[in-house]
Amino acid sequence: MQKRTVKLLAMLLIALLPLCGCSRSLGERAIVKIVYLDESNGQIEAGLAVFTCTPNSDTASVEGEARIYTAQGASIEEALYHAERQQNKKPFYAQNEILLLGPGAAADVTPYLRHFAAENAARPNLAAFLTPLTLEEFAGCEEGIGDIVREGERLMSRGAQGAALTQSLFELELSGESGMRGYLPVFSFSKEEKDFRGVRQLALMEDGAPYRMLEDAPMQLFLLLAERSNRLTLYTQIDGETVSFHAQQLCLTRVSSMAGGVPKLTVRLTGAVEDITADGVPVEAGARQNAAGRINLYLNELAKELNEATFARGNDIFHYGWWMKQFDTASCEALLRAGTLYETAQIEFISDLKPV
Amino acid sequence: MNEQATVSAKQLCILLFLSLCVDMAVRSFTSGGMPPAQRAIPAAILNAAATSLLLIFPLRLQRGGTGEAWRGDALGTKLLSFFSALVLAAAGAAAAIRAEEFFRYGCDEPMPHLLVYTVFLSAAFYALRCGMESLVRAVGIATGIFLASMLLMLLSNIGGMRLFNLAAEPFEVRGILQTAVHGFVLPPELLLFFLLRPYVDAAEKTPVYRTIAMLCLFYIALSFCAQAVLGAWAEAQTQTVHTLSRLGSLSVFRRLDALHTAAWMLAELCKLSALACGVQSAVLRILPKRLQKYADRYAVGMLALLIPVCIGLGQETLYCAFTVATAALLAVMTIYGHIREGSYAKKNG
Amino acid sequence: MEQTLSTSLLENKLAVKGMFGTAIDFYTKDITLMGYPCCICMLEGLSSIERLWVMMLEILSKPETQPQTPEELYDYILKQTAIPLESKSVVCLEDARVQLTAGTSVILIDGVARGLVLSTQSMQYRSIQEPSGEGNLRGSRESFTEPLRVNISLVRRLIRTEELMVETMTVGERTQTEVALLYNTKLAPAAVLTAVKRRLQAAKLPFLFDTGYLTGFLQKSRFSFFQSVGYTERPDTACAKICEGKVVIMANGSPFAMIVPYFFSENFQSMDDYSEKAYFASIIRVLKYTAFLIAVMLPGVFVSVANFTPELFPPELLYKVASAELATPLPLFLEALFVNFLLEVVREAGLRLPKPIGHSVSLVAALIVGDAAVSAGIIGTPIIIVAALTAICTYVVPSLYEPITVLRILFILAGGLLGPLGIVALFFWMLLGMCGMNAFGIPYMSPIAPGSKAFLQDGLLRRSWRRLAQANFSIRELPGGETEELE
């Protein structure tokens, strides 16, 4: 009886041989690495960066070669569909982790992000970027696509200066009635040199549109406060002097309290600051304490500006509301429902960096 | 170990554990998203306690009793056996449907339904041919693989866990109770447990409460991880755990969900085979002696017939029906067992 | 009914001669010992005439002794001389056959219905050498040889307690091959022993030249890729198994001892594990288990991933696999089958060819498969690498070579046709098959499934000797299940 069972199963397996054609070989798939979406004249524009390989049984020197296929449509689905039809292979999106949103789409990124955020529409770690490139400019970047992909993958891990600059789809605030809130990284591009410069700016988003750009020092502090980074390497102007310093292994502590029905959060930054220079000259040992003090004051002011640009507008990117709720959930919930949490709450940032 | 017993109590409990665990990884598509951990965890504890309470009487009857009359043989009548077979077959069919839907959901290249169901049923049939012993031993290994997959998934998502993703809501008893009631299910696997109990030495204690506690802990860990990584997104996801598996990465391997899906499919095959074993066990009591050697075919045949029926009924209806049917059958079995124990005790003075 | 010897020398001579016919190596010599007619019988090549005559001279050197009757001569030679004689005399033709074919000489005395057996064995056999497989860095370098008695002595040298029992029986109608059972009287379960003896006695073989012939009779009849009997060439391994309560079966003419019952986890154990440090031995064990899984599943998983779930590949690897697939004429899973087939052909050719031209095969294989086929675009590099890695991993666990080879092909088919579902289903099937096997009532997968602490003590990992010595493991501690196995 056991032999019969084995024979039956073996026959079943052999009977499946005609199904050889059911699976799709790797060579029949178009590996999509980047999806570009933009809006122009009421039409959605889509661009797909597809990597192909030249057939070569000896794979020592094989690399992916990029091709860009573009199309337009009345909706996102239609535009993507037409772009996919520009080539004859089945598109393979499982390795696509980069979504670029052009200047037209940046007016309201919400529908684009919601399209990909639907369950199983894309991989949940798809990272969205804003880009100043138009569709034509993007289509002309076939040579540089490899750099974008590599840069994007690097940024998604711990990129330059140890910061994870990107946000995956599941981290974006898309569920509210208003549009997307939060921030998106901006992929910088030099049109003259046709060179991708990586992410040098962050766009603060509200109602699906950017309302403020951050770069350099504010961007670094922003990433620190958003717990995307734990270090600062700044080169900035403080009291008319060009100051640079390096601080790593920084630690943020938050202490919440309630005073007279008003929630308060104290955010303290601690750590060591080193390699302090002023106008290109290393600060001497005796003056480091003073220099650190000035840096702390600078960071306090910068943090205050960032809080006004984010929390005060109801864009709680740094999750201050969550920390406040740990102290008194009911009161904070009540204030949130009343729409006054962000107005009345007080955030105090104290930078307490010490020189090495 | 007596001559009848071929399976240890621990193995049976591992079978129960895996069968119920896999339902947390491969969720029903109609069950909605995972509730926030702040509500889900207390609700899970409440449900685990409720289930344990409901099992006190059947378990006590099985362990205690004056004689051999009921102990080890939960199904005294053909009618009970028939209904048990029906419920277990429906549960097996539902498991196969859910597994097939999940497999199709996660695959880039979906396979024909018929082919997938054929593979599932063939695996269950082979498991029946190999016997209960083989199945529980295989389940032990499959459980190890499943837990390793879960551990890997949790570890690969550690970097993505954020404290502020944990929902901070006011503590509401009503909300927790609502979540508990909505999520309470009496799975037919409990019925399976009692059906397969005769395979275990009567004197051996079965750590059922410990198994339920482990399930509860497992759910708590998953719920916490899902909330910590996905935040509010967890509530919008039907396949929350699958989403977690898609996010986790280890070094250059960034898309490990196919690996996890394979481990979960293995667990689903074990569960389906276990349910088929239960059906076979029940069917053996109904069939006349000359047909008993074909019990495995009848069992798989029942599963195959119920698949289209269950597709038509829908998952939510099925789970409600399972809860009611399992509760009813357990109650009837307990009452019937009490009566038999009583009459047996009287007979023996 | 066995023909017993008579008191007539002539009749006995004719009977013995009639048994061996005109075989050219059958030697008889009529002599007179102390006045009584006698006849010496031996098989040349198995016995030494020189040794025989030394013994004869010993008898003849005592002229002062004069037995009065043939019986007295018989007793005198048996009890009062220093000649090496077997304790058991020949009383029938069957005994004579057994003794003569064992290399002894038989002296028939006129007037005595028994024959004396002289230990004049001098047969040529292969000396004790290093084992051909089962290589070890440390430990004994001896291996079994063909003569059964030599092999028994090798075991007896290592287990010097009275607990070691050796029983013999004959198997094979035409060869009457002697088979020995070695076991520890205190550790070997009686039920297992009884079952082994019963099955061996029930084995109706026309001939037996290797212990492998007995495998089918010792295992349950259901088909399985794996077998619940093991083999070893090493006396130390055989002794270790005896000390675990197992039964070792040896056959005359075979240098491989069979071990019953044999479990899956033992394929990953070697004597070196116990000579090295526990942590290193544990690492090697884990390595072996991993190698087994790679050997069985890697080609199938590779094919499945490439065709059904390519997102698992890192991007650079993905391009290379895609590029190779585009360049080659065959689909990936047919390529995998073809390369594996080629590897088996090369392996078989290398095994059967005479040594002087053996390495030509590897050169040709490397050039053709490794270089020309890839350059010509017939096979892609990724599949070659996968096949090579698989082959190397197969040799890590040589005792499982057969099941690995067949299962590998099945996994390739399953992965190529059904993708991940096929791999999972076949793995489940394989698991069930292995878990369903019992080796004389004990689960074949012990101590993995059902799990026991022995798996972490001396299964997947190896604890230090201090711990192992306390545990004192024997197969009696493993769960027994299927009683029907023993019937």
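The values are calculated or read from the model by the stated rules, or taken from the named source; none is laboratory data. Everything numeric here is computed off the predicted structure, so don't read it as measured data. Virtual Cβ from ideal backbone geometry, glycine too; neighbours counted across all protein chains shown.
Let's see how each residue does on (1) in contact (Cβ under 8 Å) with a residue 24 or more places away in the chain; (2) crowded, with 17+ Cβ neighbours inside 10 Å:
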residue: C:Glu130; (1), (2): no, no
residue: C:Gly133; (1), (2): yes, no
residue: C:Glu142; (1), (2): yes, yes
residue: C:Leu154; (1), (2): yes, yes
residue: C:Thr194; (1), (2): yes, no
residue: C:Gln201; (1), (2): yes, no
residue: C:Leu208; (1), (2): yes, yes
residue: C:Gly212; (1), (2): yes, no
Can we say C:Ile284 is free of Cβ contacts under 8 Å to residues at least 40 places away in the same chain, in a helix (DSSP H, G or I) and of a type in the set (Val, Ile, Thr)?
yes
Could you count how many residues in region C:308-319 are within 7 Å of chain A (Cβ to nearest Cβ) and in a helix (DSSP H, G or I)?
5
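Results for (1) away from every other protein chain (no Cβ under 14 Å); (2) buried (at least 19 other Cβ atoms within 10 Å of the Cβ); (3) touching a strand residue (DSSP E or B) at 6+ places or on another chain (Cβ under 6 Å); (4) β-branched (Val, Ile, Thr), shown as yes or no for each residue.
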residue: A:Arg85; (1), (2), (3), (4): yes, no, no, no
residue: A:Ala117; (1), (2), (3), (4): no, yes, no, no
residue: A:Asn120; (1), (2), (3), (4): no, no, no, no
residue: A:Asn125; (1), (2), (3), (4): no, yes, yes, no
residue: A:Phe129; (1), (2), (3), (4): yes, yes, yes, no
residue: A:Glu136; (1), (2), (3), (4): yes, no, no, no
residue: A:Glu142; (1), (2), (3), (4): yes, no, yes, no
residue: A:Val149; (1), (2), (3), (4): no, yes, yes, yes
Restricting the search to region B:59-83, which residues are part of a helix (DSSP H, G or I) and either at pLDDT 90 or above or surrounded by fewer than 20 Cβ atoms within 10 Å (Cβ to Cβ) (or both)?
B:Leu59, B:Arg60, B:Arg63, B:Lys78, B:Leu79, B:Leu80, B:Phe82, B:Phe83
Conditions (1) touching a Ser or Thr at 6+ places or on another chain (Cβ under 8 Å); (2) over 30 Å from B:Ala228 (Cβ atoms); (3) buried (at least 21 other Cβ atoms within 10 Å of the Cβ): number failed by B:Met153
(2)
Show me the helices (runs of 4 or more DSSP H) found entirely inside region B:204-291 where at least 2 residues are aromatic (Phe, Trp, Tyr).
B:208-230
For A:Cys20, all conditions in the list (1) at pLDDT below 90; (2) of a type outside the set (Asp, Glu); (3) surrounded by 16 or more Cβ atoms within 10 Å (Cβ to Cβ) hold save one; what is the number of the exception?
(3)
Right, C:Cys435: on the phi < 0 side of the Ramachandran plot, of a type outside the set (D, E, K, R) and more than 14 Å from chain B (Cβ to nearest Cβ) or not?
no
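Does A:Phe327 meet the test of being modelled with pLDDT under 90 and aromatic (Phe, Trp, Tyr)?
So A:Phe327 fits the description; yes.
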Criterion first (at pLDDT below 95 and either closer than 26 Å to B:Ile14 by Cα or touching a Ser or Thr at 6+ places or on another chain (Cβ under 9 Å) (or both)) does B:Gln292 satisfy it?
no
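Condition check ((1) surrounded by fewer than 20 Cβ atoms within 10 Å (Cβ to Cβ); (2) more than 16 Å from B:Gln38 (Cβ to Cβ)) across all residues:
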residue: B:Arg210; (1), (2): yes, yes
residue: B:Leu215; (1), (2): no, yes
residue: B:Leu222; (1), (2): no, no
residue: B:Cys225; (1), (2): no, no
residue: B:Thr238; (1), (2): yes, yes
residue: B:His242; (1), (2): no, yes
From (1) crowded, with 20+ Cβ neighbours inside 10 Å; (2) under 31 Å from the mean Cα position of the chain (by Cα), pick out the condition that doesn't hold for C:Gly422.
(2)
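When you go through C:Ala373, C:Ala322 one by one, which is the residue that is within 41 Å of the chain's Cα centre (by Cα), farther than 24 Å from C:Trp429 by Cβ and in a helix (DSSP H, G or I)?
Being within 41 Å of the chain's Cα centre (by Cα), farther than 24 Å from C:Trp429 by Cβ and in a helix (DSSP H, G or I) holds for just one of C:Ala373, C:Ala322, which is C:Ala373.
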Under the condition of being away from chain B (no Cβ under 14 Å), of a type outside the set (Lys, Arg) and buried (at least 22 other Cβ atoms within 10 Å of the Cβ), which residue from region C:438-474 is nearest to the chain's Cα centre (by Cα)?
C:Phe440
From B:Asp257, B:Asp201, residue being more than 29 Å from B:Leu88 (Cα to Cα), out of contact with any strand residue (DSSP E or B) (no Cβ under 7 Å at 6 or more places or on another chain) and either within 14 Å of chain C (Cβ to nearest Cβ) or of a type outside the set (D, E, K, R) (or both):
B:Asp257
Which listed residue, of B:Ser273, B:Ser281, is small (Gly, Ala, Ser) and within 14 Å of chain C (Cβ to nearest Cβ):
B:Ser273
Restricting attention to region B:104-125, report how many residues are buried (at least 18 other Cβ atoms within 10 Å of the Cβ) and either in contact with a Lys or Arg (Cβ under 7 Å, 6 or more places away or on another chain) or touching a residue at least 24 places away in the same chain (Cβ under 8 Å) (or both).
7
Taking the condition free of Cβ contacts under 8 Å to residues at least 60 places away in the same chain and within 14 Å of chain A (Cβ to nearest Cβ), does C:Pro354 pass?
no
Can you name every residue in region A:277-303 that is in contact with a helix residue (DSSP H, G or I) (Cβ under 6 Å, 6 or more places away or on another chain) and modelled with pLDDT of 90 or more?
A:Leu302
Of the residues A:Val281, A:Val273, A:Val243, which is buried (at least 17 other Cβ atoms within 10 Å of the Cβ), over 20 Å from A:Ile347 (Cα atoms) and either free of Cβ contacts under 8 Å to residues at least 12 places away in the same chain or touching a His at 6+ places or on another chain (Cβ under 9 Å) (or both)?
A:Val273
In region C:379-408, which residue that is within 14 Å of another protein chain (Cβ to nearest Cβ) and surrounded by fewer than 18 Cβ atoms within 10 Å (Cβ to Cβ) is farthest from the chain's Cα centre (by Cα)?
C:Ile385
Please determine whether any residue of region A:245-266 is modelled with pLDDT under 90 and more than 30 Å from A:Ala330 (Cα to Cα).
yes
Looking only at residues in region C:105-130 that are of a type outside the set (Val, Ile, Thr) and in contact with a Lys or Arg (Cβ under 7 Å, 6 or more places away or on another chain), which one is farthest from C:Ile40 (Cα to Cα)?
C:Glu130
